[in-house]
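No lab work stands behind these numbers, since they all come straight from the coordinates. The structure displayed is predicted, hence computed values, not measured ones. Positions of Cβ are backbone-derived with ideal geometry, glycine not excepted, and every protein chain shown enters the neighbour counts.
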Amino acid sequence: MLSRNWLILFALLPAGAFAWGDDCKVRAERAGGIDINGVEKVVIRAGAGDLKVQGDSSATRIEARGEACANKQELLDAAQITVRREGNVVYVETKLPQSEGNSFWGNDDYAYIDLEISLPSRLPVDGTDSSGDAVFEDLQSLQVQDSSGDLKLARIPGAVDVTDSSGDLTIRDVGSVRVRDSSGDMQIDHVRSDVTVQMDSSGDMRISKVDGNVRVEQDSSGGIHIEDVKGSVKVDSDSSGDIYAGHVGGDFTVSEDSSGSIGHSAIAGRISVPSNKEDDVE
C-alpha cells in the first residue's frame with residue numbers, strides 16, 4: 001500500500017510526467033526511505049533519467065521510488081537507488097552501470113532510473129542531475145547542478161542557486177535566485193528578493209515580478225526581457241540580442257552592449273546605456 005505522502009505526490013504529477021521505460025527491454029521497481037529525526041539537509045545525486053523532487057509539510061520520512069530500465073538484465077541489476085545517512089545529512093543517489101565503470105557496458109547499452117523523491121518541505125536540498133528532465137517543488141531552499149534536460153523549480157521560499165548546462169530553465173515563486181546557464185531559454189518570475197544571472201551563454205531570458213533587484217552580469221546571445229521589478233535593473237555585459245526593461249522601480253543600467261537594440265518604458269530611476277547605443281534607445 002502506498003503511504004499518504006506518495007498518494008499526495010502522485011496526485012500532484014501531471015499525466016505522462018514520467019515516461020517510465022517506454023522502450024525498456026527489462027525493468028524493475030526500486031525504492032528506499034529513511035526517517036527524518038535530526039536530519040538537517042538532503043543531498044540528491046541522480047544519474048540518467050527524469051527526476052521529480054516534491055516537498056510535503058506533513059512528511060515524516062524521506063522516500064525515494066523509481067523504475068529502473070535497461071536493455072539487458074545485468075545492467076538492470078546494477079541500476080539501484082540508495083538512501084543513506086551520514087550525521088545529520090541524508091544522501092539519495094542512483095547507482096548506474098555506466099557511471100560505475102562496469103566491464104559489461106557496451107556502446108549500444110543503456111540503463112536509467114526515473115526517480116521520484118518525497119521529503120519534508122522544511123529541509124534544504126543540494127541536488128545534482130546528470131541527464132533527463134528535472135522538477136523541484138515545495139522545498140525550503142535549493143542548490144542544484146543540472147547537466148541536460150529541462151529544469152523546473154517552483155514554490156521555494158528560500159534561496160535558489162542554479163548551475164544549468166543545457167535545456168530550458170523555469171523558476172517561479174521563490175525567495176532569491178542566482179543562476180549560471182549555458183544554453184536554453186530561461187524564465188524567472190515571482191521572486192521575493194534579488195535575481196542575479198551570473199552567466200547566460202545562449203537562449204532568451206525573461207524575468208518578471210521581482211521584489212528586489214535584477215542583475216545580469218554576462219549574457220552572450222539571446223534576448224533579455226525584464227519587467228515589473230521593484231528595485232533596479234543592471235546589465236553588465238551583453239554580446240548580442242535585444243534588451244528591454246519595463247516598469248522598473250529603480251534605475252536601469254546597461255554597462256556594455258555589443259549588438260542588438262535597447263528598449264525601456266516606465267523606469268522610475270535613472271537610465272544609463274553605453275554612449276554608442278544612445279541613438280538606438282527606444
With 10 angstrom as the radius, rank Thr82, Thr94 by how many other C-beta atoms surround their C-beta, starting from the fewest.
Thr82, Thr94
Selected from Gly127, Gly184, Gly269 as most flexible by GNM, with the chain as the system and alpha-carbon contacts under 10 Å
Gly269
Per its Cα gyration tensor (rounded if a/c is under 1.5, else prolate when a/b beats b/c, else oblate), the range 150-282 is best filed as oblate
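Using only the Cα atoms of the chain, what semi-axes does the equivalent ellipsoid have when each is the square root of 5 times a gyration tensor eigenvalue? Give whole Å, largest first.
40, 22, 14
From the P(r) of the range 105-161, can you give the percent of Cα pairs sitting at distances over 16 Å?
48 percent
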Full extension from Ser237 to Ile271: what is 0.36 nm times the residue separation minus their Cα-Cα distance, to one decimal in nm?
10.7 nm
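With a Förster radius of 30 Å, plug the Cβ-Cβ distance of Arg192 and Gln145 into 1/(1 + (r/R0)^6) and report the FRET value to the nearest 0.05. Numbers along the way, then the final one.
Details: r = 23 Å, r/R0 = 0.77.
So the FRET efficiency works out to roughly 0.80.
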In what sequence, highest mean first, do 68-74, 51-57, 23-29 appear when ranked by Cβ atoms within 10 angstrom?
51-57, 68-74, 23-29
Given Cβ point charges of +1 (Lys, Arg) and -1 (Asp, Glu) and nothing else, what value in debye, to the nearest 20, does the dipole of the range 165-252 about its Cα centre take?
300 debye
Under 24 Å between alpha carbons - lysine pairs in the chain that sit 8 or more apart or on different chains
14
Extension gain Asp109-Glu256, at 0.36 nm per residue separation less the Cα-Cα distance, in nm?
48.1 nm
